[in-house]
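The values are calculated or read from the model by the stated rules, or taken from the named source; none is laboratory data. Only a predicted model underlies this, so the values are computations on that prediction, with no experimental measurement involved. Positions of Cβ are generated from backbone atoms using ideal geometry, with glycine treated the same way; all protein chains shown enter the neighbour counts. What goes into the accessible areas is simple: the full protein's heavy atoms, side chains included, and nothing from ligands, DNA or RNA. Shrake-Rupley method; radii C 1.70, N 1.55, O 1.52, S 1.80 Å.
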Amino acid sequence: MLPTFPHPDALTGPESAHAADHLRAQGFVRLAPDALAVTAGVPLDALHGLDPFWHDLPPDQHLKDGGRYRRRRHGSFVQDTRAGLLAAVPHRPHWQPTTYNALHGGMLRDFAPLAPAMAASPAFLAVVQRLGEIFAAAAHDTPSEPPFDGRWFIEAHPFRIDTTGGVGRPTPEGAHRDGVNFVAVLLVAREGVVGGETRVFQADGPHGVRFTLEQPWSALLLDDPCVVHESTPIQPDGAAGWRDTLVLTYRAGDFQDPPQPVQ
């Protein structure tokens with residue numbers, strides 16, 4: 001069982017070197033924007049240079065609750081942390097088993113690919129690669145996930161949750177795990193909304209924390225087998241608003257794919 005989350009506050013720039021230690025100790029760690037920039041080795045302005053890509057996300061056509069509040073794209077990468085390599089792979093659909101996503105699991109969801117300029121952006125690639133290195137330092141074997149062999153199979157999901165219908169749901173599936181080894185949730189923008197509280201709870205215990213990601217390019221890193229997480233719905237604060245995030249998942253062994261039929 002995990003300890004009682006002794007470090008819920010975000011690490012600042014000089015503290016970012018200890019991110020893997022906090023992640024191992026409590027199953028999650030928060031990074032302030034300057035800490036994420038230090039971790040990625042890029043100026044914070046370079047991260048903000050990615051912001052316009054969230055204004056060009058197509059609607060999510062796979063929402064089973066009938067909502068029209070989510071826009072997104074999707075891309076996949078393979079990282080070899082021992083060789084220091086990160087490479088994009090051909091566009092592929094996203095799939096999760098129902099054990100991890102009761103609402104949208106068990107179905108192939110083919111989202112629009114990442115914008116080519118985003119997928120090739122040095123700032124974006126630096127974030128993906130450096131977070132993978134933190135996760136490699138924090139990796140551990142669990143009964144439910146493949147053992148880590150130095151390679152991460154990464155999926156990138158830029159999301160916009162908006163309030164044009166009155167309410168937007170960042171996690172319509174509720175409190176969940178993603179069925180991977182590690183997850184990073186990066187807040188890109190938060191405009192004209194209330195709500196969107198993040199909640200992280202032990203997967204096998206009673207302890208949890210609640211906080212709201214408010215600063216653009218702040219981040220939450222999660223040890224997926226050890227914790228469950230969710231974000232509460234958002235509502236407009238005046239005119240319609242939105243909450244933009246980049247979710248990155250890191251899985252050992254391979255990407256999640258539908259089970260193959262038994263021959």
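Below 10 angstrom from the Cβ of Thr232, what's the summed charge of the other residues (Lys, Arg +1; Asp, Glu -1)?
That works out to +1.
The value of relative contact order for region 13-252, using C-alpha pairs under 8 Å at least six residues apart, is 26 percent.
Test of understanding: in a Gaussian network model of the chain with alpha carbons linked when under 10 Å, which of Ala83, Ala112, Ala126 would top the mean-square fluctuation ranking? Between Ala83, Ala112, Ala126, it is Ala83 that shows the largest mean-square fluctuation.
If R0 is taken as 22 Å, the Cβ-Cβ distance between Arg82 and Ala120 corresponds to a FRET efficiency of 0.40. A straight chain from Ala240 to Ala175 at 0.36 nm per residue would run longer than the Cα-Cα distance by 20.9 nm. Here the accessible area is traced with a 1.4 Å probe on the protein chains. For region 214-263, carbon and sulfur cover 51 percent of it.
Once both labels are positioned 7 Å from their Cα atoms along Cα-to-Cβ, the gap between Asp257 and Leu63 label points is 3.1 nm.
If you take the alpha carbon atoms of the chain and fit the smallest convex hull around them, that volume is 129 Å³ per residue. Here the Karplus curve 6.51 cos²θ - 1.76 cosθ + 1.60, taken at θ = phi - 60°, turns the phi angles of region 152-162 into couplings of 10, 9, 10, 10, 10, 10, x, 10, 10, 9, 10 Hz, with x standing for Gly and Pro.
Taking label points 7 Å from Cα along the Cα-to-Cβ direction, Asp51 and Asp149 give a separation of 4.3 nm. Taking Cα centroids, how far is region 212-263 from region 120-136 in Å? Measuring centre to centre over Cα atoms gives 16 Å. Residue-wise HN-Hα couplings along region 107-116, as the Karplus relation 6.51 cos²θ - 1.76 cosθ + 1.60 with θ = phi - 60° gives them from phi, are 10, 6, 10, 9, 8, 4, x, 4, 4, x Hz; Gly and Pro carry x.
Using 0.36 nm per residue and subtracting the Cα-Cα separation, the extra length available between Ala189 and Ala17 on full extension is 59.4 nm. In this structure, the amide hydrogen of Asp178, modeled 1.01 Å from its nitrogen in the peptide plane, lies closer than 5 angstrom to no residue at least 5 positions away or on a different chain.
Among the GluC sites (Glu not before Pro) in region 149-235, those placed in a DSSP loop whose Cβ has at most 12 other Cβ atoms within 10 Å are Glu214. When each full DSSP H helix of the chain is screened for a Cα extent of at least 18 Å along its own axis and an average Kyte-Doolittle hydropathy of at least -1.0, the helices passing are 122-138. Each residue of region 166-176 is assigned a 3J(HN,Hα), and the resulting list reads x, 9, x, 10, x, 10, x, 7, x, 5, 7 Hz, derived from the Karplus form 6.51 cos²θ - 1.76 cosθ + 1.60 (θ = phi - 60°), x at Gly and Pro.
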